[in-house]
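A short worksheet on the structure shown next.
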Amino acid sequence: MLRTSVSARRLDILEWLKDPVAHFPPQRHGDLLEDGVTADAVAGKLGVRRSVADTHLGLLANMGMLRTRRIRRRTYYRRDEVRIAEVARMFEKGW
């Protein structure tokens with residue numbers, strides 16, 4: 001699982017979501033800080049199809065690194081800082 005979860009694109013997504021206002025344009029619905037960003041916004045930033053962005057975001061969400069929120073028909077993604085800190089501590093301890 002760890003080998004498939006680590007990729008430059010996923011690390012980029014996590015980095016961009018630290019400060020979504022600096023990396024993504026304003027959205028029609030949902031606040032960038034409170035709600036997160038859509039797969040469309042991530043796909044545009046990565047330069048890939050939305051289905052590719054959905055795969056990356058889904059994996060990060062399944063690992064608990066991202067929280068999701070549904071607004072209208074879209075899913076918004078934002079970082080789960082508590083879970084990210086837990087995972088970082090596991091690796092620091094030599095897991």
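The values are calculated or read from the model by the stated rules, or taken from the named source; none is laboratory data. Treat the numbers as computed from the prediction; the structure is a model and nothing was measured. Using ideal geometry, Cβ is built from the backbone for each residue, glycine included, and neighbour counts are taken over all protein chains shown.
What the table below lists for this structure:
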{"quantity": "Residue satisfying condition, being farther than 14 Å from residue 13 by Cβ and over 14 Å from the mean Cα position of the chain (by Cα), within set 49, 83, 69", "calculated": "49"}
{"quantity": "Qualifying residue in the range 10-18 (condition: within 24 Å of residue 88 (Cβ to Cβ), at pLDDT below 95 and surrounded by 16 or more Cβ atoms within 10 Å (Cβ to Cβ))", "calculated": "yes"}
{"quantity": "Filter result for residue 41 (small (Gly, Ala, Ser), modelled with pLDDT of 95 or more and either outside any helix (DSSP H, G or I) or in contact with a strand residue (DSSP E or B) (Cβ under 7 Å, 6 or more places away or on another chain) (or both))", "calculated": "no"}
{"quantity": "Some residue of the range 84-93 being in contact with a helix residue (DSSP H, G or I) (Cβ under 9 Å, 6 or more places away or on another chain), assigned to a helix (DSSP H, G or I) and acidic (Asp, Glu)", "calculated": "no"}
{"quantity": "Answer residue from the range 36-78, given it is on the phi < 0 side of the Ramachandran plot, touching a residue at least 24 places away in the same chain (Cβ under 8 Å) and touching a Pro at 6+ places or on another chain (Cβ under 9 Å) and is surrounded by the fewest Cβ atoms within 10 Å (Cβ to Cβ) among those", "calculated": "78"}
